[in-house]
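The block underneath contains the structure these notes are about, expressed in C-alpha coordinates.
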Amino acid sequence: MNTLNWIEDRKLIAILRGYNTADSIAIAKALHAGGITTLEVTLNSPSPLQTIEKISSELGDEVKVGAGTVLDAESARLAISAGAQFILSPTFDRETIKLTKRYGKVSIPGAFTPTEILNAFEEGADIIKVFPASTLGPSYVKDLRGPLPQLKLLPTGGVTVENVASFVKNGAVGVGLGSSLVSSVEKVTDEYLNELTKRASAFVQAVNQQ
(Lines give C-alpha, C1' and ligand atoms only; values in the text may rest on other atoms or scores of the structure.)
Protein backbone atom coordinates (compact mmCIF):
# COMPACT_ATOMS: atom_id res chain seq x y z
CA MET A 1 0.00 0.00 0.00
CA ASN A 2 1.41 3.39 -0.93
CA THR A 3 1.91 6.01 1.76
CA LEU A 4 -1.04 8.23 0.82
CA ASN A 5 -3.47 5.31 0.91
CA TRP A 6 -1.86 4.11 4.15
CA ILE A 7 -2.52 7.46 5.84
CA GLU A 8 -6.10 7.61 4.61
CA ASP A 9 -6.72 4.03 5.72
CA ARG A 10 -5.16 4.31 9.21
CA LYS A 11 -6.20 7.96 9.79
CA LEU A 12 -4.06 8.49 12.89
CA ILE A 13 -0.62 10.12 12.77
CA ALA A 14 1.23 10.15 16.09
CA ILE A 15 3.58 13.11 16.56
CA LEU A 16 6.89 12.37 18.31
CA ARG A 17 8.42 15.64 19.46
CA GLY A 18 11.39 16.23 21.73
CA TYR A 19 12.51 12.66 22.35
CA ASN A 20 15.95 11.19 21.64
CA THR A 21 16.37 8.27 19.27
CA ALA A 22 16.28 5.47 21.85
CA ASP A 23 13.15 6.79 23.53
CA SER A 24 11.50 7.43 20.15
CA ILE A 25 12.03 3.81 19.12
CA ALA A 26 10.47 2.60 22.38
CA ILE A 27 7.53 4.97 21.87
CA ALA A 28 7.11 3.83 18.26
CA LYS A 29 6.91 0.21 19.38
CA ALA A 30 4.39 1.06 22.11
CA LEU A 31 2.21 2.95 19.63
CA HIS A 32 2.46 0.08 17.15
CA ALA A 33 1.30 -2.32 19.86
CA GLY A 34 -1.75 -0.10 20.34
CA GLY A 35 -2.54 -0.04 16.62
CA ILE A 36 -1.07 3.31 15.52
CA THR A 37 1.36 2.73 12.68
CA THR A 38 1.89 6.17 11.15
CA LEU A 39 4.53 8.23 12.92
CA GLU A 40 5.77 11.80 12.52
CA VAL A 41 9.19 12.64 13.94
CA THR A 42 9.53 16.41 14.26
CA LEU A 43 12.77 17.95 13.08
CA ASN A 44 13.06 20.03 16.25
CA SER A 45 13.72 16.83 18.21
CA PRO A 46 17.19 15.56 19.17
CA SER A 47 18.85 13.73 16.21
CA PRO A 48 15.60 13.51 14.20
CA LEU A 49 17.18 12.15 11.03
CA GLN A 50 18.82 9.33 12.95
CA THR A 51 15.49 8.64 14.64
CA ILE A 52 13.66 8.41 11.32
CA GLU A 53 16.31 6.07 9.98
CA LYS A 54 16.30 3.84 13.08
CA ILE A 55 12.53 3.53 13.35
CA SER A 56 12.33 2.69 9.64
CA SER A 57 15.05 0.09 10.08
CA GLU A 58 13.68 -1.56 13.23
CA LEU A 59 9.96 -1.57 12.39
CA GLY A 60 10.25 -1.83 8.62
CA ASP A 61 6.99 -2.29 6.73
CA GLU A 62 5.01 -2.33 9.97
CA VAL A 63 4.98 1.48 10.10
CA LYS A 64 5.23 4.55 7.90
CA VAL A 65 7.54 7.24 9.23
CA GLY A 66 7.54 10.87 8.15
CA ALA A 67 9.18 14.12 9.17
CA GLY A 68 7.33 16.97 10.82
CA THR A 69 8.01 20.65 11.50
CA VAL A 70 9.75 20.81 8.10
CA LEU A 71 10.21 24.48 7.29
CA ASP A 72 12.18 24.43 4.04
CA ALA A 73 13.06 22.31 1.03
CA GLU A 74 16.59 21.44 2.18
CA SER A 75 15.25 20.05 5.45
CA ALA A 76 12.74 18.02 3.45
CA ARG A 77 15.50 16.63 1.26
CA LEU A 78 17.55 15.54 4.28
CA ALA A 79 14.52 13.92 5.90
CA ILE A 80 13.65 12.01 2.73
CA SER A 81 17.25 10.83 2.45
CA ALA A 82 16.92 9.49 6.02
CA GLY A 83 13.82 7.51 5.05
CA ALA A 84 10.87 9.85 5.59
CA GLN A 85 7.85 8.72 3.56
CA PHE A 86 5.90 11.95 4.08
CA ILE A 87 6.74 15.57 4.88
CA LEU A 88 4.60 17.58 7.28
CA SER A 89 4.93 21.32 7.83
CA PRO A 90 3.17 23.77 10.14
CA THR A 91 3.03 26.29 7.26
CA PHE A 92 2.77 26.47 3.48
CA ASP A 93 6.08 26.63 1.60
CA ARG A 94 5.94 26.17 -2.16
CA GLU A 95 9.51 24.90 -2.57
CA THR A 96 9.07 22.28 0.14
CA ILE A 97 6.01 20.90 -1.65
CA LYS A 98 7.85 20.82 -4.99
CA LEU A 99 10.86 18.97 -3.60
CA THR A 100 8.72 16.46 -1.71
CA LYS A 101 6.74 15.63 -4.84
CA ARG A 102 9.92 15.46 -6.92
CA TYR A 103 11.09 12.60 -4.71
CA GLY A 104 7.72 10.85 -4.87
CA LYS A 105 6.82 11.38 -1.22
CA VAL A 106 3.56 12.59 0.35
CA SER A 107 3.37 16.34 0.90
CA ILE A 108 1.36 17.63 3.88
CA PRO A 109 1.87 21.39 4.34
CA GLY A 110 0.04 23.33 7.02
CA ALA A 111 -2.59 25.98 6.31
CA PHE A 112 -5.62 27.44 8.04
CA THR A 113 -7.73 29.80 5.95
CA PRO A 114 -9.65 28.62 2.87
CA THR A 115 -7.33 30.66 0.62
CA GLU A 116 -4.16 29.20 2.16
CA ILE A 117 -5.55 25.68 2.00
CA LEU A 118 -6.61 25.97 -1.65
CA ASN A 119 -3.24 27.52 -2.59
CA ALA A 120 -1.43 24.58 -1.00
CA PHE A 121 -3.67 22.12 -2.84
CA GLU A 122 -3.09 23.85 -6.16
CA GLU A 123 0.67 23.75 -5.62
CA GLY A 124 0.51 19.96 -5.43
CA ALA A 125 -0.02 19.10 -1.76
CA ASP A 126 -1.48 15.63 -1.28
CA ILE A 127 -3.08 16.46 2.06
CA ILE A 128 -3.35 19.79 3.87
CA LYS A 129 -2.67 19.92 7.59
CA VAL A 130 -5.33 22.18 9.11
CA PHE A 131 -3.53 23.81 12.02
CA PRO A 132 -4.47 24.69 14.69
CA ALA A 133 -7.63 22.60 14.47
CA SER A 134 -8.59 23.37 18.06
CA THR A 135 -9.58 26.93 17.10
CA LEU A 136 -12.69 26.07 15.09
CA GLY A 137 -13.15 22.35 15.75
CA PRO A 138 -14.56 19.48 13.65
CA SER A 139 -17.26 21.62 11.99
CA TYR A 140 -14.56 23.65 10.23
CA VAL A 141 -13.53 20.57 8.23
CA LYS A 142 -17.13 20.06 7.11
CA ASP A 143 -17.50 23.75 6.26
CA LEU A 144 -14.34 23.72 4.12
CA ARG A 145 -15.29 20.60 2.23
CA GLY A 146 -18.73 21.96 1.35
CA PRO A 147 -17.46 24.25 -1.43
CA LEU A 148 -14.11 22.40 -1.76
CA PRO A 149 -14.88 18.65 -1.68
CA GLN A 150 -11.63 17.82 -3.49
CA LEU A 151 -9.57 18.73 -0.45
CA LYS A 152 -7.93 16.12 1.76
CA LEU A 153 -7.63 17.63 5.23
CA LEU A 154 -5.62 16.53 8.27
CA PRO A 155 -6.66 18.52 11.34
CA THR A 156 -3.91 18.77 13.94
CA GLY A 157 -3.81 20.50 17.29
CA GLY A 158 -6.52 19.94 19.86
CA VAL A 159 -7.54 16.50 18.59
CA THR A 160 -8.50 14.27 21.54
CA VAL A 161 -9.92 10.80 22.01
CA GLU A 162 -13.26 12.50 22.74
CA ASN A 163 -13.46 14.48 19.46
CA VAL A 164 -11.38 12.44 17.00
CA ALA A 165 -14.40 10.60 15.61
CA SER A 166 -16.13 13.94 14.96
CA PHE A 167 -13.22 15.17 12.88
CA VAL A 168 -13.31 12.01 10.75
CA LYS A 169 -17.11 12.04 10.50
CA ASN A 170 -16.93 15.64 9.26
CA GLY A 171 -14.65 14.65 6.39
CA ALA A 172 -11.05 14.63 7.62
CA VAL A 173 -8.89 12.00 5.88
CA GLY A 174 -6.95 11.67 9.11
CA VAL A 175 -5.72 13.57 12.15
CA GLY A 176 -2.41 14.49 13.73
CA LEU A 177 -2.13 13.51 17.39
CA GLY A 178 0.20 15.55 19.56
CA SER A 179 0.20 15.93 23.32
CA SER A 180 -3.17 14.22 23.71
CA LEU A 181 -1.35 11.00 22.79
CA VAL A 182 2.43 11.42 23.12
CA SER A 183 3.50 13.96 25.71
CA SER A 184 6.93 15.50 25.10
CA VAL A 185 7.58 16.01 28.81
CA GLU A 186 7.07 12.57 30.29
CA LYS A 187 9.97 10.30 31.16
CA VAL A 188 9.92 7.11 29.13
CA THR A 189 9.38 4.31 31.61
CA ASP A 190 7.74 0.91 31.23
CA GLU A 191 4.68 2.34 32.95
CA TYR A 192 4.52 5.25 30.50
CA LEU A 193 4.92 2.94 27.50
CA ASN A 194 2.13 0.67 28.73
CA GLU A 195 -0.10 3.71 29.19
CA LEU A 196 0.84 4.92 25.71
CA THR A 197 -0.25 1.62 24.18
CA LYS A 198 -3.59 1.97 25.97
CA ARG A 199 -4.02 5.56 24.72
CA ALA A 200 -3.20 4.49 21.17
CA SER A 201 -5.71 1.65 21.35
CA ALA A 202 -8.39 4.07 22.61
CA PHE A 203 -7.83 6.39 19.64
CA VAL A 204 -7.97 3.49 17.18
CA GLN A 205 -11.19 2.24 18.76
CA ALA A 206 -12.75 5.72 18.67
CA VAL A 207 -12.01 6.10 14.95
CA ASN A 208 -13.15 2.59 14.04
CA GLN A 209 -16.48 3.03 15.82
CA GLN A 210 -17.44 6.32 14.19
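The values are calculated or read from the model by the stated rules, or taken from the named source; none is laboratory data. Computed from a prediction, not measured in an experiment: that's the story for all the values here. Methodologically, a virtual Cβ is constructed for each residue, glycine included, from the backbone with ideal geometry; neighbour enumeration extends over all protein chains shown. To get the accessible areas, we keep the full protein, side chains included, count just its heavy atoms, and leave off ligands, DNA and RNA. Shrake-Rupley method; radii C 1.70, N 1.55, O 1.52, S 1.80 Å.
Could you compute how fast the chain diffuses translationally, taking Rh as the Kirkwood radius over C-alpha pairs and applying Stokes-Einstein at 37 °C with viscosity 0.692 mPa s? Give it in µm² per second. Mind dumping the intermediate values first?
Details: Rh = 16.7 Å.
Rounded to a whole number, D works out at 197 µm²/s.
When the chain is treated as a Gaussian network with alpha carbon springs shorter than 10 Å, the biggest mean-square fluctuation among S180, S166, S57 belongs to S57.
Accessible surface computed residue by residue for the chain, with neighbouring protein chains in place and a 1.4 Å probe, gives 44 Å² per residue.
Can you pull the one-decimal nm distance between simple spin-label points at T91 and K198, each 7 Å off the Cα toward Cβ? Here the answer is 4.0 nm between the modelled labels.
The apolar share of the surface of region 75-200, taken as the fraction of accessible area on carbon and sulfur atoms (1.4 Å probe, ligands and nucleic acids excluded), comes to 50 percent. For the chain, modelled as a GNM whose springs connect Cα atoms under 10 angstrom apart, the maximal fluctuation among A82, A28, A172 occurs at A82. The distance separating the Cα centre of region 98-165 from that of region 1-67 comes to 20 Å. What the Cβ-Cβ distance of Q150 and Y103 gives, at R0 = 22 Å and to the nearest 0.05, is a FRET efficiency of 0.40.
For the chain, set up a Gaussian network in which alpha carbons nearer than 10 Å are linked by springs, and say which option among A84, A165, A26 fluctuates the most. In the Gaussian network model the winner is A26.
If I take every Cα pair under 8 Å that is 6 or more residues apart in region 124-197, average their sequence separation and divide by the length, what percent do I get for the relative contact order? Please list the in-between numbers first.
Numbers: 90 pairs, mean separation 21.7, N = 74.
RCO, region 124-197: 29 percent.
Note on region 104-210: the alpha carbon radius of gyration divided by the globular reference 2.2 N^0.38 Å gives 1.15.
Taking each residue as 0.36 nm, the span from S179 to S139 lengthens on full extension beyond its C-alpha to C-alpha distance by 12.2 nm.
For the chain, relative contact order (Cα pairs under 8 Å, six or more residues apart, normalised by length) works out to 21 percent. Report summary: the helix-based calculation at 222 nm, which adds -39500 (n - 2.57) for every DSSP H run with n ≥ 4 and divides by the residues of the chain, gives -13500 deg cm²/dmol.
Label-to-label distance, N2 versus E162, with points set 7 angstrom from Cα along the beta-carbon direction: 3.9 nm.
Which trypsin sites (Lys or Arg not before Pro) does region 149-210 hold that lie in a coil by DSSP with at most 11 other beta carbons within 10 Å?
Numbers: sites: K152, K169, K187, K198, R199; in loops: K152, K187.
Filter output for region 149-210: K187.
The overall shape of region 157-202 is prolate: from the C-alpha gyration tensor, with semi-axes ordered a ≥ b ≥ c, the ratio a/c is 1.5 or greater and a/b exceeds b/c.
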